[in-house]
Amino acid sequence: MDQSVKIGVIGLGYVGLPLARLFATKFPVIGFDINESRVASLKLGIDTTLEVENSILESVLIDKSTEGNGLFCTTFLEDMSDCNYFIITVPTPVDKNNRPDLTPLYKSSETVGKILKKGDIVIYESTVYPGVTEEQCVPVLEKISGLKFNTDFFAGYSPERINPGDKEHTVEKILKVTSGSTPEISLKVDALYKSVITAGTYLAPSIKVAEAAKVIENSQRDINIAFVNELAKIFNLMNIDTQEVLAAAATKWNFLPFKPGLVGGHCIGVDPYYLAQRAQEFGYHPEIILAGRRLNDSMGEYIASQVVKLMIKKGISVNGANLLMLGITFKENCPDVRNTKIVDVIKALTEYGISVIIYDPLASTDEVKKEYGLIVTNSIPIEKFDAIVLGVAHAEFLKLNFSKLQKSNSMLYDVKGVLGNIVDNRL
């Protein structure tokens, strides 16, 4: 690698921080984020997303004036002015109508465009539909910088594969797809990632191929989960335990071990909409992709209805009942509440007249309040409940003595299917 490499990472969230930390072991890295409180915490060596251990983060942090390798975090754009690689890792959400919202990408492209210089390379990691990098982002870079694409500056795309909360499959241990806007730039982008990714890289033939590969990874998983969710609905009608069916089927060597559940988060519950919209722009209506999305998006209300039916069967008065929801993050052992579908379950339960208390030791109370208008407690309640729903399989929940939280005639519903035989029912 060229020893003059200096990297600017734009967006220090679940994707950007682990990547910036990793690159900082080999290169000077400037981490940029517009969230002042986030940057202040990182400068103290504290990662509230829990993706990077504080001791590991502290080991790479440097001051602004420090020469050599390391990570300097900032909210000031000019601190990145002498970087020659810019890696954009901002989120790509959907709006309330499930249409792709590229606003974070546009704004971050404008930001980089202000300091872009001849010879610089801008790499995007955000999940998008094929064509976004070259057809949406590059024109913004050209307009703001006044430079010409593939003459004065270049682009690359290397889709993130971060799995929030996963301490085994960390960024350096996940094979990285890379691409560039010219053959020469492709090799440079690939070499950059190869220098730190121990799992290796896969050089895609074009940026569009790399974009498409990423968006179908999550779409495929979404469709498979939709299939087992539909199976759960069918087997529940037949009074057959879905988990037992899946365990029996999994004895075949090529059976894919997907489990039913809520599909939220920043990727699987979002990315299929990006691919679907792009397909529709080309005149094709993607039936399977959208059918999977509809089914998975309906699971919150379905789970709430199953809980209510079970309460009625046990003679528990639904209207006015108090229920403990265990977990509000989108997945276990992770504080990420983006696009969590637990919210759908809570909304449906409250519409039945049930009073819901939310307990999650990992979720940010301020973030949940701001994002969803809900109150969450980080401490286990001391009262007893008519019903308990295990919505997220945090390790801490698996150690709970549920009998201390339940009234004499109470029910326990296991959305994740991890509590064994102590539950009254599970998805």
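The values are calculated or read from the model by the stated rules, or taken from the named source; none is laboratory data. None of the values given here were measured: they were computed from a predicted structure. Every residue, glycine among them, receives a Cβ derived from its backbone with ideal geometry; neighbour counts consider all protein chains shown. Protein only, heavy atoms only, side chains kept; ligands, DNA and RNA dropped before computing areas. Shrake-Rupley method; radii C 1.70, N 1.55, O 1.52, S 1.80 Å.
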Regarding LEU77, is this residue under 25 Å from GLU367 (Cα atoms), touching a residue at least 40 places away in the same chain (Cβ under 8 Å) and touching a helix residue (DSSP H, G or I) at 6+ places or on another chain (Cβ under 7 Å)?
-> no
For SER379, indicate whether it is surrounded by fewer than 17 Cβ atoms within 10 Å (Cβ to Cβ) and of a type in the set (S, T, N, Q).
-> yes
Return the residue satisfying two criteria in turn: it lies in region 401-427 and is without any contact (Cβ under 8 Å) to a residue 60 or more places away in the chain and open to solvent by less than 50 Å² (accessible area, probe 1.4 Å), and of such residues it is nearest to the chain's Cα centre (by Cα).
-> ASP414
Within region 161-199, count every residue that is part of a loop (DSSP other than H, G, I, E, B) and over 22 Å from GLY70 (Cβ atoms).
-> 14
Of the listed residues (THR75, THR25, THR48), the one being open to solvent by 40 Å² or more (accessible area, probe 1.4 Å), modelled with pLDDT under 95 and among the polar types (S, T, N, Q) is THR48
Based on what the data block shows, is CYS83 at pLDDT 95 or above and touching a Leu at 6+ places or on another chain (Cβ under 6 Å)?
-> no
Go through ILE312, ILE303, ILE328 for me and flag whichever is modelled with pLDDT of 95 or more and farther than 15 Å from ILE346 by Cβ.
-> ILE312
Would you mind finding the one in GLY13, GLY68 that is open to solvent by 10 Å² or more (accessible area, probe 1.4 Å), under 18 Å from the mean Cα position of the chain (by Cα) and at pLDDT below 95?
-> GLY13
How many of the residues in region 253-282 are over 15 Å from VAL228 (Cβ atoms) and open to solvent by 70 Å² or more (accessible area, probe 1.4 Å)?
-> 5
Taking region 125-162 as the region of interest, how many residues are surrounded by 18 or more Cβ atoms within 10 Å (Cβ to Cβ) and not charged (D, E, K, R)?
-> 20
